[in-house]
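Notes follow once the structure below has been shown.
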């Protein structure tokens, strides 16, 4: 097996102190929150690693550190063995690394600039990374991206508000694909979508992984979703990794009490069979 | 077929235009503002006389009441004349031009300044934000007209005397512009702080765009609708500020009288019975400021999604 | 047969709009029996929250009930004036919303708010009301000693418990719970749902539970109504509907919900193509027909009624 990304003793400490003046007047100490605390794991190339946790578990913070949007307070993110935050690299090298890392966000509403046409949204990464020679090539690539996510070429002229939530999430996926990345962080990509649309987006993500050999870090609170999406699962609680297993093992035979509780609490349609016997009036 | 429609058709079909058509007050305000702006632009063509051409003035026409033939010359003036026999209608049309020019340029200055500082403060945060907003706070504790007088006084003091009248209008614009940037900066800062947390900005950061590009290309287009509202309301304020300054005698020079200058001249004659010299410029100023303000109110209500 | 607590007949809600009118709820009929939990499930825009709002007379203007009747036992409640509606709301019907903070006043202690609600609706003394408030908190698993705490001193899940205590305090006959656990973490969600279920049984209150989550429906409700584009697609006991769904939409909804119990990385989830139509672009006939794999010409031409009080589908009519 071939490791793509490794997180080593990753930590993120947020300073929640009051302003300096208030601290001096009321003699309050500085306050810190360890949003992520000594988390280590790695993801194999072409596989999906799911980070599962409830609100405040630090999963989104890890997501942002994984793509370089947030600098870790401690620890390292290694991509193919190279430190993502190595300061000795030149801007051009940084750019090459950035191009390989992309992200799909949770909100289908906030993740697309409402004032930009879809075509411009998709063309921006192409231009920034210098991936197309001229306007014609740019347009061709935009149409190809739209086709890849199941939208049509004419959608390039429309604005985000003309699309449904699921379609907007497809546009987000197309934007992430534009720079030909190897690795995509999916931060709760379907939690704001309706169930029937969620299935479409999850299937699309799986399809793209098979076709393009993508590596995913999948962030979610939904164990049912990770069961069909992930090769491996890590369970996060208050910034710490409490358990990590291959998907089937983790769900069938969880080790930690917290994981057991999460699995027990997940609402399931099948529970109706168990209930029907006793609740018949 | 949807995308092929022209911008104009889209505008006619928009909720914005629909709202506009349904509000009679807004329609009337719009007509008044457009008429006054057209009068100001076409002053040379529509004004009966050029009030600043000494050759066209006849002192015998002085103090002619509106709509009455002059006792000596027999000429009739719609709005009457002032002490020097200047046609008041023409003076108002030319005064309108000065008032609107000063108002609009001052608002543009305030807008550019306020939007830039607001974007910077909101996006960067930290000490830059503190510095800009504390300056804004301090400025807000003084009435803006006082700030304008102060800036006007300092600027004039620094200028050589022979340039004073020549640059009076520019100084006036800068004084009013500098005194009105704060509301722009505050609003833009607030909206920027909300927008910069949105995921489309994160996506832009992810591909390595710099702060400048993110502010200009991504955030700026999304903070413009409140700016438009403030600009409209500030235009009314700027026009009144200009009139106030000119009324106080520290604004437009007598060689280029604005509506405020005309009102100042007019009030000298109020008690001697020549009421029209004060009334007509005042009514024009009132109509202009009120209409602009009503348009601003309507814009605010229409563009604010929370009131929908 | 026992008289149902709530009867809704042919409810139609209309929002006037510049291009005509939008109809977020069209011809919906259902009953809520005493003591039962009726689930409303559907995707966003299906009209589930709007139905709840219509029952308690809280439709935002310019929307209005254009047609239909809503009966609470023998009192017709869809045409009440503001004062009478207020009396019904709170006393006989109360609400639990998704965000507990919309139901709680941040400036007053939870005890004050409970006591006030009790005093408005029940003829008892302030001392008794306070005793009752403490008992109410105890029931929802909150230490009665915290009666003088403010809403912000509680976590999200605890706040939702306070709201449930508040909703139960006036001893209502019907509680409308609109996505009561959507904002909560899964672990807390399970507890809150369990609590809601248990207390309503004990107090004999009926519940309308509005949710988008089929799993929540399965674990909580006695009967379920599936809504699609403002219309009733299917209604029946939860066991019937989940074990043998009749409407293609219900079938799709169940099949596309991933389950923690089975599946792996190779699983291709069932997906319903397309998305729910917008209200200003409703298709002709059955609103689901453009997404339905069984649709034929009749489905596109005319709208099916609810057949045998169970399912609105032409294919079902043919057996």
Inset, instruction - Give, as residue ranges, the helices (runs of 4 or more DSSP H) completely inside the range B:1-72 that count at least 2 residues that are more than 30 Å from residue B:303 (Cβ to Cβ) and within 14 Å of chain A (Cβ to nearest Cβ). - result: none
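Please verify whether residue B:113 is in a helix (DSSP H, G or I), touching a residue at least 60 places away in the same chain (Cβ under 8 Å) and crowded, with 18+ Cβ neighbours inside 10 Å, treating the condition exactly as stated.
no
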Legend entry - Selection within the range C:24-46 - under 26 Å from residue A:192 (Cβ atoms) and surrounded by 20 or more Cβ atoms within 10 Å (Cβ to Cβ): C:24, C:25, C:39, C:40, C:41, C:42, C:43, C:45, C:46
Inset, instruction - Give the residue, chosen from B:207, B:173, that is modelled with pLDDT under 95 and within 28 Å of the chain's Cα centre (by Cα). - result: B:173
Inset, instruction - Would you check which residues across the range C:145-156 are in a helix (DSSP H, G or I) and surrounded by fewer than 15 Cβ atoms within 10 Å (Cβ to Cβ) and list them? - result: C:145, C:148, C:152, C:153
Inset, instruction - For residue C:293, state whether it is farther than 30 Å from residue A:259 by Cα and free of Cβ contacts under 8 Å to residues at least 40 places away in the same chain. - result: no
Legend entry - Selection status of residue A:154, surrounded by fewer than 20 Cβ atoms within 10 Å (Cβ to Cβ) and within 11 Å of another protein chain (Cβ to nearest Cβ): yes
Legend entry - All positions within the range A:136-151 that are under 27 Å from residue C:43 (Cβ atoms) and either surrounded by fewer than 16 Cβ atoms within 10 Å (Cβ to Cβ) or within 12 Å of another protein chain (Cβ to nearest Cβ) (or both): A:147, A:150
Legend entry - Test for residue B:50: is it touching a residue at least 24 places away in the same chain (Cβ under 8 Å) and touching a strand residue (DSSP E or B) at 6+ places or on another chain (Cβ under 7 Å): no
Legend entry - Flag if residue B:136 is under 24 Å from residue B:226 (Cβ atoms), at pLDDT below 85, in contact with a helix residue (DSSP H, G or I) (Cβ under 7 Å, 6 or more places away or on another chain) and in a helix (DSSP H, G or I): no
Inset, instruction - Could you look through the range C:26-66, keep only residues that are in contact (Cβ under 8 Å) with a residue 24 or more places away in the chain and assigned to a helix (DSSP H, G or I), and pick out the one that is farthest from the other protein chains (Cβ to nearest Cβ)? - result: C:55
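Yes/no matrix, rows are residues, columns are (1) modelled with pLDDT of 80 or more; (2) in contact with a helix residue (DSSP H, G or I) (Cβ under 7 Å, 6 or more places away or on another chain); (3) surrounded by fewer than 12 Cβ atoms within 10 Å (Cβ to Cβ):
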{"position": "B:1", "(1), (2), (3)": "no, no, yes"}
{"position": "B:4", "(1), (2), (3)": "no, no, yes"}
{"position": "B:8", "(1), (2), (3)": "no, no, yes"}
{"position": "B:14", "(1), (2), (3)": "no, no, yes"}
{"position": "B:24", "(1), (2), (3)": "yes, no, yes"}
{"position": "B:31", "(1), (2), (3)": "yes, no, yes"}
{"position": "B:41", "(1), (2), (3)": "yes, no, no"}
{"position": "B:46", "(1), (2), (3)": "no, yes, no"}
{"position": "B:53", "(1), (2), (3)": "no, no, yes"}
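Does residue A:160 fit the bill of being touching a helix residue (DSSP H, G or I) at 6+ places or on another chain (Cβ under 8 Å), more than 10 Å from chain C (Cβ to nearest Cβ) and touching a residue at least 60 places away in the same chain (Cβ under 8 Å)?
When the stated conditions are applied, residue A:160 does not pass them.
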Inset, instruction - Could you list all residues from the range A:167-192 that are touching a helix residue (DSSP H, G or I) at 6+ places or on another chain (Cβ under 7 Å), surrounded by fewer than 24 Cβ atoms within 10 Å (Cβ to Cβ) and at the interface with another protein chain (Cβ under 9 Å from one of its Cβ atoms)? - result: A:179
Inset, instruction - Could you check how many residues of the range C:246-256 are farther than 21 Å from residue C:52 by Cβ and either crowded, with 22+ Cβ neighbours inside 10 Å or under 20 Å from the mean Cα position of the chain (by Cα) (or both)? - result: 4
Inset, instruction - Would you please name the residue that is surrounded by the fewest Cβ atoms within 10 Å (Cβ to Cβ), looking only at residues in the range A:210-249 that are touching a strand residue (DSSP E or B) at 6+ places or on another chain (Cβ under 6 Å) and away from chain C (no Cβ under 14 Å)? - result: A:240
Legend entry - Residue list for the range B:175-219, restricted to those being out of contact with any helix residue (DSSP H, G or I) (no Cβ under 9 Å at 6 or more places or on another chain) and part of a helix (DSSP H, G or I): B:212
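The values are calculated or read from the model by the stated rules, or taken from the named source; none is laboratory data. From a predicted model like this one, the values you see are computed outputs, not experimental measurements. Neighbour counts run over all protein chains shown; Cβ positions are idealised from the backbone, glycine included.
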